[in-house]
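The values are calculated or read from the model by the stated rules, or taken from the named source; none is laboratory data. Since the model is a prediction, treat every value here as computed from it, not as a measurement. Cβ placement follows ideal geometry from the backbone for every residue including glycine, while neighbour counts extend to all protein chains displayed. To get the accessible areas, we keep the full protein, side chains included, count just its heavy atoms, and leave off ligands, DNA and RNA. Shrake-Rupley method; radii C 1.70, N 1.55, O 1.52, S 1.80 Å.
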Amino acid sequence: MDLSFLERLAKQFDRVVKQFERLPKQFGRLFKQFERLAKQFGRLVKQFESLATQFDRVFKQFERLAKQFERPVKRFERLVKRFERLFKQLEGGRINHYSRSQKILLVGEGDFSFALCLARAFGSADNMVATSLDSKGSLMTNYSKAMTNLLELEGRECKIFHKVDARVMRYHPYLLFMRFHKNLVRRFFISAREMLTTDGEIHVTHKTTYPFSEWKLVKIAEDVGLYLVGEERFSLFDYPGYENKRGAGICDQTFPVGMSSTFRFAKNYLYC
Ligand SMILES: C[S@@+](CC[C@H](N)C(=O)[O-])C[C@H]1O[C@@H](n2cnc3c(N)ncnc32)[C@H](O)[C@@H]1O
């Protein structure tokens with residue numbers, strides 16, 4: 001038996017045993033590294049989860065903001081369109097339903113700012129007659145801009161008359177508020193109808209919400225032989241310079257127009 005061969009074999013065996021002894025330690029180290037990696041991964045997953053929740057929250061806030069912005073943006077767009085329409089009309093001597101080619105009679109003016117708004121759109125107002133129930137003197141006392149508005153209207157050749165009662169009868173102080181107004185409108189319709197040409201129109205701008213809707217404007221008109229030929233939403237933006245006034249005691253104060261329409265009536269049913 002070759003002894004040196006046995007010795008080599010024993011040494012090799014010894015080396016293998018030592019390597020084998022080192023294996024569990026290496027395995028232990030690897031396992032610890034794996035544990036650390038798993039923990040880091042767990043932390044990353046949690047961070048990712050909280051990021052996702054934060055992102056979700058921010059996204060929802062953004063959605064809410066976008067919704068809140070939607071309405072003002074739409075309103076702004078509508079406003080821009082209105083202004084565009086207005087500028088086009090003004091260029092062509094028109095403003096909404098009204099043009100220089102029509103003969104226009106205005107009754108119940110306050111500080112004459114509505115008449116002036118039309119007159120400015122037409123350039124010259126020789127096609128207009130503007131009237132107030134108030135005398136010139138009381139207009140000057142009650143409305144801060146009445147004098148300048150009237151002067152400009154006269155300069156634009158608008159015919160102006162004061163103390164014109166649309167009912168052609170005296171105001172009865174004891175009648176109920178509502179009855180007074182309804183009666184005023186009725187009497188106005190009767191006298192205006194007499195003055196109307198075949199294709200002429202009577203325009204009344206009126207609030208459409210309760211209790212004003214109770215006036216039943218269209219019914220009053222129909223009762224005196226007038227027909228509704230159109231109803232358009234009224235907006236102050238369409239009449240630059242016009243300041244709606246209260247009249248009656250607190251004359252120069254304005255009031256919210258709210259939901260209002262311009263009702264157009266004609267005496268000829270076929271005209272609709
Ligand atoms: C609410 S204010 C409106 C004033 C103006 N039209 C405006 O839009 O600013 C009502 C107006 O109707 C007028 N009025 C009241 N009764 C009238 C009548 N019988 N005939 C003509 N105008 C009348 C008043 O003098 C007052 O100026």
Unsatisfied cross-links (Cα-Cα over 30 Å) in the set Lys74/Lys207; Lys216/Lys245; Lys103/Lys207; Lys67/Lys216; Lys103/Lys145; Lys103/Lys219:
Lys67/Lys216
Reachable aspartates and glutamates from Lys163, criterion Cα separation under 14 angstrom, eight or more residues apart if same chain:
Glu109, Asp111, Asp134
Evaluate E = 1/(1 + (r/R0)^6) for Met140 and Thr205, where r is the Cβ-Cβ distance and R0 equals 25 Å; express this FRET efficiency to the nearest 0.05.
0.50
Taking the solvent-accessible surface of protein heavy atoms with a 1.4 Å probe, what is the per residue accessible area of region 1-91 in Å²?
105
Using only the Cα atoms of the chain, what are the Rg and Dmax in Å?
42.2, 151
Ignoring any ligand, DNA or RNA, what whole percent of the accessible area of region 92-271 comes from carbon and sulfur when the probe is 1.4 angstrom?
56
With both partners inside the chain, how many of the DSSP beta bridges are antiparallel, as a percent to the nearest 5?
70
At R0 = 30 Å, FRET efficiency that the Cβ-Cβ distance of Lys67 and Ser213 yields, to 0.05
0.45
Between beta-carbons, use under 9 Å as the cut-off and find the net charge around Ala121, counting Lys and Arg +1, Asp and Glu -1.
+3
Just grab the label-to-label distance for His162 and Met147, each label 7 Å out from Cα along the Cβ direction, in nm (one decimal).
1.3
Taking all protein chains as present, what is the carbon and sulfur share of the accessible area of region 1-91, in % to the nearest whole number, probe 1.4 Å?
63
Using 0.36 nm times the number of residues separating Tyr227 and Lys81, minus their current alpha carbon distance, what extension gain do you get?
49.5 nm
Suppose all protein chains stay in the model; what accessible area per residue would a 1.4 Å probe give for region 92-271, in Å²?
56
Region 1-91 pair-distance distribution - Cα-Cα, 10 Å bins, rounded %:
13, 13, 12, 11, 10, 9, 8, 7, 6, 5, 3, 2, 0
Whole angstrom only: what separates the Cα centroid of region 192-259 from the Cα centroid of region 45-98?
32
